[in-house]
Amino acid sequence: MRILAIETATEACSTALFDNGSLLDARHEVLGRGHAERLVPMIAELPGKGRAKEIRVSLGPGSFTGVRIGLAVARALGIAWHAQVRGYPTLALVAAIARGQAGNPVTVCMTGGHGEWFVQDFDAGGMPASAVASLAPEAAAARAVHPLIAGSKAAALGELAQIEPSAVELPDARHALALPDALLTDNLAPLYGRPPDAKLPG
């Protein structure tokens with residue numbers, strides 16, 4: 001069975017196509033902005049224009065716009081291809097890449113909103129060991145972290161916590177099959193990681 005993975009929740013935009021568990025081809029670009037313009041062409045560059053029986057897409061947390069773009073494309077392709085669409089948490093993918101074959105527990109620290117960082121711990125099996133927290137840098141450094149830190153803010157957190165960070169900074173769709181199956185969901189609601197900025201009048 002072919003699986004298409006889509007990752008757009010950060011400044012990285014990546015796609016990967018798998019067949020029976022093996023990576024066929026992948027694309028990975030650090031764009032900052034421009035996911036909407038690049039994602040569909042990147043998928044079209046894959047074998048068979050990326051067509052698959054299952055689509056796995058990042059739910060965040062991360063860039064609000066990036067997450068929505070990935071979900072919109074995944075849903076549209078799911079309808080066109082009659083494919084199952086499943087979501088996964090972005091921070092879990094970063095943890096899966098960082099822990100590699102060693103299977104070490106990981107603290108993931110990623111860019112959040114308003115100067116805060118998204119922080120979450122994962123156990124040796126890749127499952128969440130804490131909820132996602134959106135914290136100021138000082139608060140993130142004050143909490144207990146694993147000896148292995150990964151993510152776009154890992155270097156900054158490592159400096160504050162006096163821990164050498166992993167080289168893994170951004171999620172990459174080519175590692176999507178390393179995620180525990182238990183983290184895949186049919187509920188395609190975005191994971192924002194923090195309360196919305198706008199609040200209804202009370």
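Being open to solvent by less than 60 Å² (accessible area, probe 1.4 Å) and either charged (D, E, K, R) or not in a loop (DSSP other than H, G, I, E, B) (or both) is the filter here; which residues of the stretch 7-26 pass it?
Correct list: Glu7, Ala12, Cys13, Ser14, Thr15, Ala16, Leu17, Phe18, Asp19, Asp25, Ala26.
Among the residues of the stretch 77-94, write down those that are open to solvent by 20 Å² or more (accessible area, probe 1.4 Å) and in contact (Cβ under 8 Å) with a residue 24 or more places away in the chain.
Leu77, Trp81, Gln84, Val85, Arg86, Pro89
How many of the residues making up the stretch 27-36 are within 15 Å of Arg68 (Cα to Cα) and either aromatic (Phe, Trp, Tyr) or open to solvent by 50 Å² or more (accessible area, probe 1.4 Å) (or both)?
Counting residues in the stretch 27-36 that are within 15 Å of Arg68 (Cα to Cα) and either aromatic (Phe, Trp, Tyr) or open to solvent by 50 Å² or more (accessible area, probe 1.4 Å) (or both) gives 2.
I'd like to check something: does the stretch 172-184 contain any residue that is at pLDDT below 95, touching a helix residue (DSSP H, G or I) at 6+ places or on another chain (Cβ under 7 Å) and either within 30 Å of Arg56 (Cα to Cα) or open to solvent by 40 Å² or more (accessible area, probe 1.4 Å) (or both)?
Within the stretch 172-184 (the criterion being at pLDDT below 95, touching a helix residue (DSSP H, G or I) at 6+ places or on another chain (Cβ under 7 Å) and either within 30 Å of Arg56 (Cα to Cα) or open to solvent by 40 Å² or more (accessible area, probe 1.4 Å) (or both)), the answer is no, since none of the residues qualifies.
Would you call Ala156 of a type in the set (A, V, I, L, M, F, W, C) and touching a residue at least 40 places away in the same chain (Cβ under 8 Å)?
yes
For the stretch 117-169, enumerate the residues that are β-branched (Val, Ile, Thr) and part of a strand (DSSP E or B).
Residues satisfying the conditions are Val119, Ile149.
For Val145, indicate whether it is among the aliphatic types (A, V, I, L, M) and at pLDDT 95 or above.
no
Report the residue count in the stretch 34-63 for those that are of a type in the set (Val, Ile, Thr) and not in a strand (DSSP E or B).
2
The values are calculated or read from the model by the stated rules, or taken from the named source; none is laboratory data. Owing to the predicted nature of the structure, the values given are computational and were not obtained by experimental measurement. Counting neighbours? That spans all protein chains shown, and the Cβs are built from the backbone with ideal geometry, glycine included. Quick note on the areas: whole protein, heavy atoms, side chains included, nothing else; ligands and nucleic acids left out. Shrake-Rupley method; radii C 1.70, N 1.55, O 1.52, S 1.80 Å.
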